[in-house]
Structures are given as C-alpha cells and as structure tokens.
Amino acid sequence: MPKRGKNYKAKLEKFDKTALYELPEALKLVTEVSSAKFDETIEIHVRLGVDGRHADQQVRGAVVLPNGTGKEVRVLAFAKGPKAEEAQNAGADYVGGEELAEKIQKENWFDFDVVVATPDMMKVVGKLGRLLGPKGMMPNPKSGTVTMELDKALAEIKAGKVEYRLDKQNIVHTVIGKKSFGTEKLQENFNALITALVKAKPSAAKGQYLKSVVIAPTMGPGVKVNPAGLGQQ
C-alpha cells in the first residue's frame, strides 16, 4: 500500500469512506475533495455482478456523454482512398495505413487517444494487437471503432464518446468529465453511462448487477455511491 500524505488524509476526513451516498451528495463530496491545482478528471469505477471469464457475460460498449469528457481527444484513423479523405474531413488527427502501423511498431509512437479503422484495414491494425490492446486502444466493432461510417464515428468521439469494458476483476473504469463541469453536468454524464451499462447487462448475469459504484477525482479518494435504483431513469 502506498503511503498517503497529509493532504490526502485530510480529504478522507471530509466523509465516511465506508458509507453509501446518494448520487447528488456523492458528486458534491467528490468535487470538494478535489483540490489539485489543475482541473481534475472525475473517474467512475463500477463493479458488475458478472463473470467476465465467460463469453456470454462480457460487457463492452461505448456511450456519448451528453456534456463530453472535457478532454481534447486525438484520433488516429486507419483508412485508405475515399475513406481516408472522409476521415480527414471529419477531423481525424492522423490518417493513414501501413506507414502509421510501422511508426507505432518501430518508434513506439502513441501521440493519439483513440484508434478507428475501416474493416478492410483490420489486417494492418491486427498486427498492432499486442501494442494497442493493453492500452485499450484496439479498434472493435462493439465500440463502434471498426466501421465504414468514419464521419459518424469521429463526430461521436470528438463529442465525448467513452468506451467501457470489464477488467479482470469485472470492474468498468472510465471517466464522466472534469471537476469544472459542476455537479449537474457530471450527474447527467454519470446517468448516461450507468444507463448504458444497465442496457448492456448480459442475459446470463444473475443476481445484483451493479455491485458497487465509486466516483473519484484524479488525485483524491473515492466516494461510494448507493447503487440501488441507478440506471432506471
């Protein structure tokens, strides 16, 4: 366990870390314990009542947050011909094919946040699986990043689309915005994400689905949200 500084411990004294808070109160607390000198990202961590080792209990997808993420997203598009031109016009930061794949492999180049590709380019992108996979950047049809509709995909990504997927502990980790958004906009983003997760519930999942929900600022402690009733709006 890493040693916590006085500032971190002071933040913990502002709330009961074992308690379950209703969403408005939880968001208020999270913004209060966010005291870094930069505009902290507000993260969300959701433990689901599934077993990701089984294919029929996987949870993966994407949702466009109504208020965006507050982050400028750099997109790399693998496309050629008219589709490359489409990606360029739609705002892709980098567009190309084999030459960009080689740049990633040989130069360890990762000056981008999201990768999209047309289906015909997946032969090229597939070779990057061991590099993109661990970073959560591998294009996937389920998240809408393998598509012929590059203009639509890029518009959604630039507008604040976030991907969600299970880790090995059956937890989804993503973001719902910045501290500067204020509690109202953060709540709207939170609700959009939770609603998407609930809709993505596998039919094979039994029992309580939303096991635990925690929100936290980048540099601060997490606040537990009462999961009862979430995702039903």
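For segment 20-175, the equivalent ellipsoid derived from the alpha-carbon gyration tensor has semi-axes of 30, 19, 15 Å in decreasing order.
Could you tally the net charge around PHE112, taking each other residue with its Cβ under 12 Å from the Cβ of PHE112, Lys/Arg +1 and Asp/Glu -1?
Details: positive: ARG74, LYS103, LYS135; negative: GLU72, ASP93, ASP111, ASP113.
Residues near PHE112 contribute -1 overall.
If R0 equals 35 Å, the separation of the Cβ atoms of MET122 and LYS211 corresponds to a calculated FRET efficiency of about 0.55. Within the chain, DSSP assigns beta bridges of which about 70% are antiparallel (rounded to the nearest 5).
Summing charges over all other residues whose Cβ lies under 13 Å from the Cβ of GLN58, with Lys and Arg as +1 and Asp and Glu as -1, gives +3. Annotation: LYS142 carries an accessible surface of approximately 150 Å², with a 1.4 Å probe and no ligand, DNA or RNA atoms counted.
Rounded to two decimals, what is the ratio between the C-alpha radius of gyration of segment 102-176 and 2.2 N^0.38 Å?
My calculation over the Cα atoms of segment 102-176 gives 1.14.
Measuring between alpha carbons in the structure, the pairs from LYS142/LYS168; LYS71/LYS199; LYS103/LYS152; LYS168/LYS206; LYS127/LYS211; LYS106/LYS178 lying more than 29 angstrom apart are LYS127/LYS211; LYS106/LYS178.
Give me the dipole magnitude in Debye, nearest 20, for the chain about the Cα centre, with unit charges on the beta carbon: positive for Lys and Arg, negative for Asp and Glu. The partial results should precede the final answer.
Details: 36 positive and 28 negative charges, 206 e Å.
Taking the Cα centre of the chain as origin, the dipole is about 980 debye.
Given the options ARG60, ARG130, ARG47, which has the most mean-square fluctuation in a GNM of the chain, springs set between C-alpha atoms less than 10 angstrom apart? So, out of ARG60, ARG130, ARG47, the one fluctuating most is ARG130. The protection proxy used here, the mean number of other Cβ atoms lying within 10 Å of each residue, ranks peptides 70-82, 198-210 as follows, highest first: 70-82, 198-210.
Dividing the helix sum by the residues of the chain, where each DSSP H run of 4 or more adds -39500 (n - 2.57), gives a mean residue ellipticity at 222 nm of -8500 deg cm²/dmol.
The values are calculated or read from the model by the stated rules, or taken from the named source; none is laboratory data. The structure displayed is predicted, hence computed values, not measured ones. Backbone-built Cβ (ideal geometry, glycine too); neighbour counts: all protein chains shown. The accessibility values were calculated without ligands, DNA or RNA, using every heavy atom of the protein model including side chains. Shrake-Rupley method; radii C 1.70, N 1.55, O 1.52, S 1.80 Å.
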